[in-house]
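First comes the structure, then the notes that go with it.
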Amino acid sequence: MHKTSQDHSGIEGELVVNLLDKQEYPSNIGHVAAVSDRQILVLRRDWHELTHFRLDVLEMADCRAIEYREQRVWYRILLGYACLFAAVALLVLLVAGDGELSAQAAPAVIALVALVSFGVRFVTSTRRHVICFDMPDEMLDWRSPAIDFKLKSEAASAVREQARNRGILRQV
C-alpha cells in the first residue's frame, strides 16, 4: 500500500517532503529535491535535455546517514553591514551637502532607502538548514535559502524525523 507521489514522476513510496519547488530546480542542480519513505529524488545535470537537468531516483535503503545542521551565511552578514555602512556614508553626504533636499537629491534618497532595506534584510536572515545524505558513492545535500529559514523549517524537520525513525540521523 505505497503511494506514488503525484508531484514527482518516478519517486515511489509515501512522500515525506518536497524540499524544492519546481521553479527552484534550475538553480539547485546537484541537490536533493524530494524525499519519500523509500527513495530520494536528486536533480542531475543533463546537457541533452532542454531543461539541462534530469531527476534521478536513489533508494533510501542505501543511505548510510542523514546529517542535519544549521549554518550561518557569513557573506550575507558582511554584505548587509556593507549596505548599512554605504547608507550611513550616503546620509552623511546628503546632510553635509547644502542642507536642503531638492529634486536632484531624490535618487540619493531612494538609494539610501534601498541600502537600508537590503542591509537590514541581509543582516537579519543569516541562517539556513543544511541536510547531507551519506550515500555509498557520494554525499548529497540540500541547503535552504537563508531568506527562507523559517519557511523551510517544517521540511527540514520532516527529513530529520524520517532519519530519526530509521536510526540514521547525525546531528551536528
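The values are calculated or read from the model by the stated rules, or taken from the named source; none is laboratory data. Owing to the predicted nature of the structure, the values given are computational and were not obtained by experimental measurement. Don't worry about glycine lacking a Cβ; one is built from the backbone with ideal geometry, like all the others, and counts go over all protein chains shown.
Here are a few things to note about the model shown:
Rundown of residues vs (1) aliphatic (A, V, I, L, M); (2) part of a strand (DSSP E or B); (3) in the same structural domain as Phe149 (by TED's automatic domain parsing), yes/no style:
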site	(1), (2), (3)
Leu20	yes, no, yes
Gln23	no, no, yes
Ile29	yes, no, yes
Ala33	yes, yes, yes
Val42	yes, yes, yes
Trp47	no, no, yes
Arg54	no, yes, yes
Leu58	yes, yes, yes
Ile66	yes, yes, yes
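- Matching residues, segment 28-71, being of a type in the set (Ser, Thr, Tyr) and touching a strand residue (DSSP E or B) at 6+ places or on another chain (Cβ under 9 Å): Ser36, Tyr68
- Subset of segment 23-43 [of a type in the set (D, E, K, R) and in contact (Cβ under 8 Å) with a residue 12 or more places away in the chain]: Asp37, Arg38
- Any hit, segment 97-105, residues being surrounded by fewer than 15 Cβ atoms within 10 Å (Cβ to Cβ), modelled with pLDDT under 90 and either among the basic types (Lys, Arg) or in a helix (DSSP H, G or I) (or both): yes
- Among the residues of segment 106-145, those identified as surrounded by 19 or more Cβ atoms within 10 Å (Cβ to Cβ) and either acidic (Asp, Glu) or not in a strand (DSSP E or B) (or both) are Leu112, Leu115, Gly119, Phe122, Ser144.
- Within this structure, Glu161 fails the test of being part of a strand (DSSP E or B) and exposed (fewer than 15 other Cβ atoms within 10 Å of the Cβ).
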